[in-house]
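The values are calculated or read from the model by the stated rules, or taken from the named source; none is laboratory data. This one's a predicted model, so the numbers in the text were calculated from it and none came from an experiment. Cβ placement follows ideal geometry from the backbone for every residue including glycine, while neighbour counts extend to all protein chains displayed. Heavy atoms of the whole protein, side chains included, go into the accessibility calculation; ligands, DNA and RNA do not. Shrake-Rupley method; radii C 1.70, N 1.55, O 1.52, S 1.80 Å.
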Amino acid sequence: MNRPPMQVPIARTQLTEDEIQSVLAPLRSGWLVQGPKVREFEEKWCAFTGAQHSIAVTSCTTGLHLALAGLGFGPGDEAIVPAFTWIATANVVEHLGGRVVFCDIDPLTFNIDVEQLQAKITPRTRAILPVHLFGLPADMAHVNRIAEQHNIHVVEDAACGFGSRIRGRHVGAHGHAGAFSFHPRKAITTGEGGMITTNDAQLAEKIRRLRDHGAAMSDLQRHLGPRPYLLADHPDAGYNQRMTDIQAALGAAQMDRAAAIVAERQRLARIYDEAFAGLAWLRTPAHVHGMENGYQSYPCMFLPEAITQESIPRVNAQRNQWMDKLQQAGISTRPATHAVHMLQFYREKYGLRPSDFTHAWAANDCSISLPLFHGMSDAEQQYVIGQVLAARF
Ligand SMILES: Cc1ncc(COP(=O)(O)O)c(C=O)c1O
């Protein structure tokens, strides 16, 4: 087999030399755990997103978990979760002893279908977890309206939402709280890591405690206070979900070029949009009025024929063959994400079939994400475009 002329990964971490050097400061100072660098990263996150409170944690998953716990979500409570998202959005509900109530997605945006939300509400519904999937914001105005009517908490899964705005306002504090991810496939990375945002001071205080073993005072507060040798009280039986200062140094350093990172990802997406506009068999990410997409990724629907329950297996087989071909040409692709109701744990626990959430099923089987990452060269992107345009369906 011929070697492909180029290898284009689905994503590639890009760090400047200064960002790499930034992790040396905590290593040299000896303050490795949550401390001054975490505080700096949180302050920069507030400045960029406009959220009043930012709380750094070990991942988006633990962020969603702490946000729900801080809101008092517990055993027997129900949370509405889109059926097409990363499994973590649903898992945190299970971790707290709750029940997941899936809602199908809008096939054009991949986000929760707000028209179906009302019908999912029961007397036990305590939370809705809209997901800003792949960077396109969910319809928060609609979600919040329904949540307010029923006195339900809203926690935004903003894992992919860096640089995503609704009518100019960054996602993450449109509901009661939101959580972001710093996994390396996200625009800002700390290896593992996450950030909770909220405009509710009391909730922020509660989450800060829960993150840190339930302590009334953080180590940094204690060390900066008059009697650093005395230990804090613990009003809650909390967790240890603290980000390290090594991770936070890396995150804080990247925030100095946050706007440029988002702009570059948006520029790459525009080039793809224009290149693929004439392809009837590939639906590129939707543009929704008032919504700014930070493009965590570039998810498309593969449509060599109309999607119906009967055609999904056929389209799925064809998509997988096309993914094989792209891989052989050196281009990595992925299904956009997975339909959680089709994964074994949820399938078995709740007795679900793919057809219970048809659009999530179709997205699971017929979506394809193309490489998009800041630092992608023009040559890499033109190579991907050339390979996609050369395909015939
Ligand atoms: C939509 C969504 N939610 C949650 C997560 C979990 O993020 P983390 O890996 O930081 O826990 C991810 C990660 O890919 C995600 O895409």
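Just for region 44-70: of the residues that are surrounded by fewer than 24 Cβ atoms within 10 Å (Cβ to Cβ) and away from the ligand (no atom under 16 Å from the Cβ), which one is nearest to Gly97 (Cα to Cα)?
His53
One residue is enough: does region 212-224 have a residue meeting the conditions within 16 Å of the ligand (Cβ to nearest atom), surrounded by 14 or more Cβ atoms within 10 Å (Cβ to Cβ) and of a type outside the set (Asp, Glu)? Lay out the reasoning, then the answer.
Initially, region 212-224 is screened for residues within 16 Å of the ligand (Cβ to nearest atom), giving none.
So far as region 212-224 goes, no, none of its residues is within 16 Å of the ligand (Cβ to nearest atom), surrounded by 14 or more Cβ atoms within 10 Å (Cβ to Cβ) and of a type outside the set (Asp, Glu).
Criterion first (open to solvent by 30 Å² or more (accessible area, probe 1.4 Å), closer than 26 Å to Asn91 by Cα and more than 14 Å from the ligand (Cβ to nearest atom)) does Glu205 satisfy it? Before the answer, list the steps.
Numbers: open to solvent by 30 Å² or more (accessible area, probe 1.4 Å): yes; closer than 26 Å to Asn91 by Cα: yes; more than 14 Å from the ligand (Cβ to nearest atom): yes.
It is true that Glu205 is open to solvent by 30 Å² or more (accessible area, probe 1.4 Å), closer than 26 Å to Asn91 by Cα and more than 14 Å from the ligand (Cβ to nearest atom).
Restricting to region 270-299, name every residue that is over 17 Å from the mean Cα position of the chain (by Cα) and crowded, with 19+ Cβ neighbours inside 10 Å. Lay out the reasoning, then the answer.
Looking only at region 270-299, we keep the residues that are over 17 Å from the mean Cα position of the chain (by Cα), and these are 270-284, 286-290.
Within region 270-299, Tyr272, Leu282 qualify.
Looking at Thr190, Thr198, which is the one that is within 16 Å of the ligand (Cβ to nearest atom) and β-branched (Val, Ile, Thr)?
Values: Thr198 fails: within 16 Å of the ligand (Cβ to nearest atom).
Thr190 is the lone residue from the list that is within 16 Å of the ligand (Cβ to nearest atom) and β-branched (Val, Ile, Thr).
How many residues are away from the ligand (no atom under 14 Å from the Cβ) and open to solvent by less than 20 Å² (accessible area, probe 1.4 Å) if we restrict to region 151-174?
Initial filter on region 151-174 (away from the ligand (no atom under 14 Å from the Cβ)): 151-154, 163, 165-170, 173-174.
Right, trim to open to solvent by less than 20 Å² (accessible area, probe 1.4 Å) and you get 152, 154, 163, 166, 170, 173.
Counting residues in region 151-174 that are away from the ligand (no atom under 14 Å from the Cβ) and open to solvent by less than 20 Å² (accessible area, probe 1.4 Å) gives 6.
Could you give me the residue pairs with C-beta distances under 7 Å whose first residue belongs to region 1-30 and is within 26 Å of Ser332 (Cβ to Cβ) and modelled with pLDDT of 95 or more, whose second residue is open to solvent by less than 90 Å² (accessible area, probe 1.4 Å) and of a type in the set (A, V, I, L, M) wherever it lies, and which are 6+ apart or on separate chains?
Within 7 Å, the pairs are Val8/Ile331; Val8/Val384; Glu19/Leu250; Glu19/Ala253.
Cβ contacts < 8 Å: first residue farther than 17 Å from Arg185 by Cα, restricted to region 54-66; second residue more than 9 Å from the ligand (Cβ to nearest atom) and of a type in the set (Gly, Ala, Ser), any location; separation 6+ or different chain. Result?
So the pair list comes out as Ile55/Ala204; Ala56/Ala248; Ala56/Gly251.
For region 315-369, give me the residue count where each residue is closer than 28 Å to Lys186 by Cβ, hydrophobic (A, V, I, L, M, F, W, C) and part of a helix (DSSP H, G or I).
The qualifying residues number 12.
Thr308 passes all but one of (1) of a type outside the set (Gly, Ala, Ser); (2) at pLDDT 95 or above; (3) touching an Asp or Glu at 6+ places or on another chain (Cβ under 9 Å); (4) part of a loop (DSSP other than H, G, I, E, B); which number fails?
Condition (3) is where Thr308 drops out.
Conditions (1) touching a Ser or Thr at 6+ places or on another chain (Cβ under 6 Å); (2) in contact (Cβ under 8 Å) with a residue 24 or more places away in the chain, marked per residue:
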| site | (1), (2) |
| --- | --- |
| Gly330 | no, yes |
| Leu343 | no, yes |
| Arg347 | no, no |
| Thr358 | no, yes |
| Ala362 | no, yes |
| Ile368 | yes, yes |
| Met376 | no, yes |
| Val384 | no, yes |
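Cβ-Cβ distance below 8 Å, separation of 6 or more or different chains: which pairs start in region 253-264 with a residue that is open to solvent by less than 50 Å² (accessible area, probe 1.4 Å) and end on one that is modelled with pLDDT of 95 or more and basic (Lys, Arg)?
Pairs found: Met255/Lys44; Ala258/Lys44.
Which one of Pro75, Pro107 is assigned to a loop (DSSP other than H, G, I, E, B), away from the ligand (no atom under 13 Å from the Cβ) and either open to solvent by less than 40 Å² (accessible area, probe 1.4 Å) or more than 30 Å from Leu282 (Cα to Cα) (or both)? Lay out the reasoning, then the answer.
Values: Pro107 fails: either open to solvent by less than 40 Å² (accessible area, probe 1.4 Å) or more than 30 Å from Leu282 (Cα to Cα) (or both).
The match here is Pro75.
Conditions (1) of a type outside the set (A, V, I, L, M); (2) open to solvent by less than 30 Å² (accessible area, probe 1.4 Å); (3) free of Cβ contacts under 8 Å to residues at least 24 places away in the same chain, marked per residue:
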| residue | (1), (2), (3) |
| --- | --- |
| Asn91 | yes, no, no |
| His95 | yes, no, no |
| Val100 | no, yes, no |
| Asn111 | yes, yes, no |
| Gln116 | yes, no, yes |
| Ala127 | no, yes, no |
| Ile146 | no, yes, no |
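Would you confirm, using the coordinates I've provided, whether His183 is surrounded by fewer than 22 Cβ atoms within 10 Å (Cβ to Cβ), under 19 Å from Phe41 (Cα atoms) and out of contact with any Lys or Arg (no Cβ under 9 Å at 6 or more places or on another chain)? Walk me through how you get there before you give the answer.
Details: surrounded by fewer than 22 Cβ atoms within 10 Å (Cβ to Cβ): yes; under 19 Å from Phe41 (Cα atoms): yes; out of contact with any Lys or Arg (no Cβ under 9 Å at 6 or more places or on another chain): yes.
Here the answer is yes, as His183 does meet what is asked.
Suppose we filter region 117-138 for residues that are among the aliphatic types (A, V, I, L, M), part of a helix (DSSP H, G or I) and out of contact with any Ser or Thr (no Cβ under 9 Å at 6 or more places or on another chain); how many remain? Let's see the steps before the verdict.
Initial filter on region 117-138 (among the aliphatic types (A, V, I, L, M)): 117, 119, 121, 127-129, 131, 133, 136, 138.
Those still in the list that are part of a helix (DSSP H, G or I) too: 117, 119, 133.
Retained after the next criterion (residues that are out of contact with any Ser or Thr (no Cβ under 9 Å at 6 or more places or on another chain)): 117, 119.
Qualifying residue count, region 117-138: 2.
Just checking, which of Ile246, Ile196 is open to solvent by less than 10 Å² (accessible area, probe 1.4 Å) and in contact (Cβ under 8 Å) with a residue 24 or more places away in the chain? Outline the logic, then answer.
Details: Ile246 fails: open to solvent by less than 10 Å² (accessible area, probe 1.4 Å).
On inspection, the qualifying residue turns out to be Ile196.
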